[in-house]
Each structure stands twice: as C-alpha cells, then as structure tokens.
Amino acid sequence: MTQDHRPEDPAVHDGSTVHADSVVHDRSTLHDDPADHPAPPPPHRVTVAGVAVDTRHYIGGRRVASARTFTDHSPIDGTALGEIARGTPADADAAVAAAKAAFPAWAATPRTERARLLHAVADGVERRLTELAAVETADNGALLRSHLRGVMPRVAHNFRFFADWLLSLDHEDFTTRDHTNHVSWNPAGPCVLITPWNAPLMLATWKVAPALAAGNTVVLKPAEWSPLTASLLADIAAGAGLPAGVLNVVQGYGAEVGDTLTAHPDVRRISFTGSVPTAQHIAASAAPRLTPLSLELGGKSPLLVFADADLDLAADLAVEQYDNAGQVCLAATRLLVEESVAEEFTARLVVRASRLRQGDPRDEATDIGPTIHPRQLDKIDGFVRRAIDAGARPLLGGRRGAGQYYLPTLLTDVRQDSEIVQEEVFGPVLTLQTFTDEEEAVHLANDTRFGLAATLATGDPERADRITPRLVAGTVWVNCFFVRDLKAPFGGARQSGVGREGGTWSFDFYCDVKNTVTAPKGWQPHG
C-alpha cells in the first residue's frame, strides 16, 4: 500500500479511529452469544503473543474476578485467546464507587504531579510498545507494522500531549467594568469511557489521557472483541504510580455493565465511540441526570476527485480507504469522481488496489488483515450481496476470502439513495459515483445522515476554498488523508456525533469550566 503522503509521526498520524455497528450497548460490543462459562473459573492470566495478560477487571487498584467469563478469539485464525471476566452490574457499581472515592485526592493533586504521572504512564507504554503491538494484533487483527510504527507510539503520545497541554491550559483574565474575570477548568468527577474494538488502546487513551489530566477519575469499558490491551494499560498505570481507583477497567457486555455505568448517578461524564443506535441508548440512559456526553459515531465519508486533481495522488488516497480492512470510521468509502476523468481514475485505482496483499497481519508484507469477527464479516457480505442484487457492479472483489477475510471491493452503478451508499458498512468496501460540476459534487457529498469527515482531491486552491466550507464534516482533508494533530478539534456533524475533543476542547468537556468575577473593591475590612 502506498503511504508516501501518510506520515507515521504519531503527533499527526492516526490510522485507527475506526469502529462498527452494534446491537447492544456499545459499538465495541457486537458480542458473542452470551453463553455462560460457569465455575471452576479459568486461570486469571493468559499468554498472548508471548505476553502475560491478566483477564480480570481492575477496580480500586486490585484485580477482581467475575463468576462468569466470555471467550476472546483472535480474528487471525479464530484461536481462543482466553476467558475474560464477564462483568456484572455489581462490578460496574464497584468501579464507579472506587472512582468516586479516589476523585477528591486526585482532583486536588497539583497539575505538575498529574502531568508527571501521565508522562510516567507514557514511559511505561514505550517500554512495552512491542508487547502491546503484538497483543493488539492478535486480539483485533490490525497490521503489526502499523501498531509498531504508528498506533502504539500514538498511545504514548496521547498521554504526553495531554500532560503537557494541562500545564499550558490557561485563559487570559479580562475585565468587565473594572471587575476581573478569571476562567478555570475544574475536574468534573468520575468519567465512564466506552471504547471500540478496531483501535482499542489508541482510542481508549485518546479518552483516558485528557480525562485523567483534567483531574477526573475513570472507569474504562473496553470492547469485548478486543479487551486485552486495556488490561495491560491498567498494569502500566499501576506501575507508573497512578493512585488506586483513579483508573478502573471493567470488561464485559454492554447490556450487563454498560447500562449500569451510563445510568449511574455518580458518573459526571460519558464519552463513547460507536454506533448511532447505541449512542441513542446511552443518551437515554444519561438523560434523567443530564450527564454530559461526548459521542463519536462513525460516518459515510466522501472522497471528491476533480478533473484538475493529481490522479495518481487521488488513486493513492482512495486505496488508503482499505486500511485496517476498511474498519475505519473516518474512511472515505464514497468515491465521487468528476465524470470527465472517471474512467482514467478508476483504471489507476483498480491497478493499485489489485496489488494489495491480504493475509496474516503479523507479516510485514501484508496490507490488509482480517475482519474482526465472523458476525462483522457476515454484515459486510450482506451489504455487498444486497447491493449487487440491486444492480451494483463489482469492479474489484465483491465476495469473501478465506477465513475471516473480505476481499477489497469496489462497486459502481450504485444509486445515491441505495443502502450501500447511505449506510456505514465498516469493511473494505468502496462505492464509485460520478458528478458533472461542483454543485452536484457537494450535493452528493452531503447527501447522507452522517458528517464525520471528507476528503478533497483538486489541483485548484480556489476550488478547495470554495468547496471545503460547504462540506458537512468535522474534518476535511485536501489532497491528504489521516493527518491529525491532537491540538485540533475532532468530532462529527449530524449523526456522526456530538461535541468535540482534542486540545482545549477535551478539557472543556472533561471539566466544569468556571468563570470567577472579582470586584475591584471590598478587600478592606469596615471600621
């Protein structure tokens, strides 16, 4: 896969903001049939890729087992990786109680000390980077080379960035009729963070790091399809000296622990990455207490290719949308190409995409790994089969590969109102449509219920200036893709999400932002 314009610098490259639809409490919980695994319990530690991983919850600084477990499988070959503690409402309550108990001391911890501890966590991540990469590849099937070069360095960078941003967080005082206004960011309280399966640790720490930096305590609910690196993060945090109860990890199904967490009266913030139906469920749970939410909900993003674009660059950008087997929420899965160059662009894209190597993600030569789970594979295949039955024509792929692999697919002859164009597939499936002018291009780009991202390929800067303000998207890339800086706001429009995180926007969410107004007089005692 060509990556010349896709930097590996973790400060700007995020190749993993990705996820899939869900039928239960979080997109990270497209769960297996909830068959019980009764006592006697399995060993509490498993070895994955040569790394020992504790399979219990981490609550209040201690490992806590559950009476039941669920099986975690590797998408690479279906191997059972281990039996994972299956959380209960009581476990969720205990985690929130631990976070609540730890909150006053952590909130009162000076900024410099909180920042020092977050840097210590980053140090721990870097020391175990190869282990984290190997475990996450086994657990979720993403490329080992990507984990080593981009994703895990970004995990460490998440902690360092928000630690440093905390120390610089400030707003200049201002006056109103000689009264002084002082803005401060005060810790809000226990936070529940629910994360997806496609980039488990990177997306978890994108939430954990600012929440902790802000002075909050955390209950992390990882996806049960990829829970292992969250457990390793708990070990790393403990080794870094993070006080007990500041970070808690509860594993299990959303319907069994997620509902308790999101409806809990002691929770002050909820951040979720996942599907629209699950977000609606979470919002309903949080509504009685008006618990603030941050929701990042995927998309159906367009890639607009104009006739004046560098078509080689545009084709490379299109091929990048197959990254992580298409399990990327930001992916520009709708290719919108100016009619006059559509044939030439398509030919270049097909040649490049045909060269992609699909196989074992641990192999350095592999470009596309497996789909996370058989259920997700069935979902992808169902989308494609229904599209073909409705008249779509596959120019590439259009079918399953061996095992849990789906062939990189390109469909044309699709209608704008068709399911394949309107709904998030979350697999290696792109559609191709044409347009005749800017007006039609913008109309097609905006004609879905989503608005997470958009990518524009053009050789005309004036055209870019005209079009980008009109695109409904939280992020727009022009002649590039996946370039992200943690200082920038991130989030979606329409049903792609609520709120923004990144830089000061993260602290705005994870804190109670306060303005203190002081009169110029009144300091002297009377008499």
Tell me whether region 402-420 contains one or more residues that are modelled with pLDDT under 95 and small (Gly, Ala, Ser). yes
When GLY298 is run through (1) modelled with pLDDT under 95; (2) in a helix (DSSP H, G or I), the failure sits at (2)
Can you name every residue in region 243-255 that is open to solvent by 40 Å² or more (accessible area, probe 1.4 Å) and outside any loop (DSSP other than H, G, I, E, B)? ALA255
Hey, any hits in region 279-287 for a residue that's in contact with a Phe, Trp or Tyr (Cβ under 8 Å, 6 or more places away or on another chain), in a helix (DSSP H, G or I) and hydrophobic (A, V, I, L, M, F, W, C)? yes
All positions within region 52-92 that are of a type in the set (A, V, I, L, M, F, W, C) and out of contact with any strand residue (DSSP E or B) (no Cβ under 8 Å at 6 or more places or on another chain): ALA67, ILE76, ALA90
Within region 474-481, is even one residue within 30 Å of PHE174 (Cα to Cα) and open to solvent by less than 40 Å² (accessible area, probe 1.4 Å)? no
Of SER146, SER168, the only residue that is polar (S, T, N, Q) and without any contact (Cβ under 8 Å) to a residue 12 or more places away in the chain is SER168
Quick check, is ALA95 over 18 Å from GLY215 (Cβ atoms) and at pLDDT 95 or above? yes
Tell me, yes or no, whether region 368-390 has at least one residue that is charged (D, E, K, R) and in a loop (DSSP other than H, G, I, E, B). no
Taking region 245-269 and keeping residues under 22 Å from ASP512 (Cα atoms) and β-branched (Val, Ile, Thr) leaves VAL246, THR262, VAL267
Within region 423-442, can one find any residue that is within 30 Å of SER294 (Cβ to Cβ), among the small types (Gly, Ala, Ser) and modelled with pLDDT of 95 or more? yes
Taking first residues from region 42-59 that are without any contact (Cβ under 8 Å) to a residue 12 or more places away in the chain and second residues anywhere that are among the basic types (Lys, Arg) and not in a loop (DSSP other than H, G, I, E, B), the pairs with Cβ under 7 Å that are 6 or more apart or on different chains are ALA52/ARG45
Residue list for region 326-353, filter: under 23 Å from PRO196 (Cβ atoms), outside any loop (DSSP other than H, G, I, E, B) and of a type in the set (Gly, Ala, Ser): GLY326
Which of the following residues is basic (Lys, Arg) and at pLDDT 95 or above: ARG484, ARG494? ARG494
Which pairs have Cβ atoms under 8 Å, sit 6 or more apart or on different chains, and link a residue in region 332-353 that is under 9 Å from ALA315 (Cβ atoms) and surrounded by 13 or more Cβ atoms within 10 Å (Cβ to Cβ) to one that is at pLDDT below 95 and not charged (D, E, K, R)? ARG352/THR2
Can you pull out the residues in region 397-445 that are farther than 17 Å from GLY299 by Cβ, open to solvent by less than 20 Å² (accessible area, probe 1.4 Å) and part of a strand (DSSP E or B)? TYR406, THR409, LEU410, LEU411, THR412, LEU432, PHE435
Picking from THR278, THR291, the residue that is open to solvent by 10 Å² or more (accessible area, probe 1.4 Å) and either within 22 Å of GLN416 (Cα to Cα) or of a type in the set (Val, Ile, Thr) (or both) would be THR291
Counted residues, region 355-372 - those being over 13 Å from LEU143 (Cβ atoms) and either touching a strand residue (DSSP E or B) at 6+ places or on another chain (Cβ under 7 Å) or modelled with pLDDT under 95 (or both): 1
Examine region 500-518 for a residue that is surrounded by fewer than 19 Cβ atoms within 10 Å (Cβ to Cβ), part of a loop (DSSP other than H, G, I, E, B) and in contact (Cβ under 8 Å) with a residue 24 or more places away in the chain, and state whether such a residue exists. no
For region 354-367, what are the residues that are surrounded by fewer than 17 Cβ atoms within 10 Å (Cβ to Cβ) and either part of a helix (DSSP H, G or I) or among the β-branched types (Val, Ile, Thr) (or both)? SER354
Looking for something in contact (Cβ under 8 Å) with a residue 12 or more places away in the chain, open to solvent by 60 Å² or more (accessible area, probe 1.4 Å), touching a helix residue (DSSP H, G or I) at 6+ places or on another chain (Cβ under 6 Å) and outside any strand (DSSP E or B) - is there at least one such residue anywhere in region 451-463? no
Filtering region 258-275 down to residues that are in a helix (DSSP H, G or I) and more than 11 Å from VAL96 (Cα to Cα), which residue is most open to solvent (accessible area, probe 1.4 Å)? ASP259
Go through the residues of region 69-85 one by one and say whether even a single one is surrounded by fewer than 16 Cβ atoms within 10 Å (Cβ to Cβ), touching a Ser or Thr at 6+ places or on another chain (Cβ under 9 Å) and at pLDDT 95 or above. yes
Only one of these conditions is not met by GLY60: (1) open to solvent by less than 10 Å² (accessible area, probe 1.4 Å); (2) at pLDDT 50 or above. Which number is it? (1)
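The values are calculated or read from the model by the stated rules, or taken from the named source; none is laboratory data. Computed from a predicted structure; not experimentally measured. Cβ coordinates were reconstructed from backbone atoms using ideal geometry, including for glycine residues, and neighbour counts include every protein chain displayed. Areas reflect the complete protein model, heavy atoms only, side chains present, ligands, DNA and RNA absent. Shrake-Rupley method; radii C 1.70, N 1.55, O 1.52, S 1.80 Å.
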